[in-house]
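Each value in this text was obtained by applying a stated rule to the coordinates, not by laboratory testing. All figures in this text were calculated on a predicted structure; none of them were measured in a lab. Counting neighbours? That spans all protein chains shown, and the Cβs are built from the backbone with ideal geometry, glycine included.
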Amino acid sequence: LDQLLHGGVLRIQEAQRIRVQAPLRVLVEPFRVPLEVADELVAVRRAIGGVLFIDEAYALASPGFVDFGDEAIATLVQRMEEERADLAVIAAGYNDEMRRFIDSNPGLQSRFTHYVHFANYTAAELAQIFAAIATSAGVTLGAGVDERVRGLVGAAIDRPDFGNARFVRTIFEQAYAN
């Protein structure tokens, strides 16, 4: 985030930089009340003067996931326009899903103009992450675990639903529970 701010991609008043990470429910809950308060997205208001980070933003445009996703997106677009000098919005998620999210509203297409692609971790990097998770949990890994993790990652890495680091965290949690 600091690289984006200081690297010139985002220009926000230095003195007021803040970061708000918004779970989807925070963005969508205002739409469960009358529409006259739909513009009062709490997370957006809190992020004025800084950065709003929306992880898995594509879920707002997923059919059936949220009841008021279209309204949340329309309001987000409106607030991004109104607060363009004082608000930066970073929407994160998987490439294909994010493309659908951006394409879901013409206002998103014209406001999200900078894209940063992060490559998936390699099997070796994921094995290192697995080891780090184990270390932080106070677990000493036995012989052969590294090779086994690499094998599991290698078998799953090309699946469309592969969760990257989440995958190895899940493997660790399952192994630790047994």
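Using the Cα atoms of the stretch 47-178, I'd like the radius of gyration and the largest Cα-Cα distance, Dmax, both in angstrom.
Calculated on Cα positions, Rg and Dmax stand at 19.1, 58 Å.
Over the alpha carbons of the stretch 137-178, what is the largest minus smallest coordinate on each principal axis, giving the biggest first in Å?
Sorted from largest, the Cα extents of the stretch 137-178 read 31, 18, 15 Å.
Go ahead and collect, in residue order, the members of the stretch 148-173 whose backbone nitrogen is under 11 Å from a label point 7 Å along the Cα-Cβ direction of PHE118.
In the stretch 148-173, the label zone of PHE118 (backbone N under 11 Å from the point 7 Å along Cα→Cβ) covers 165-166.
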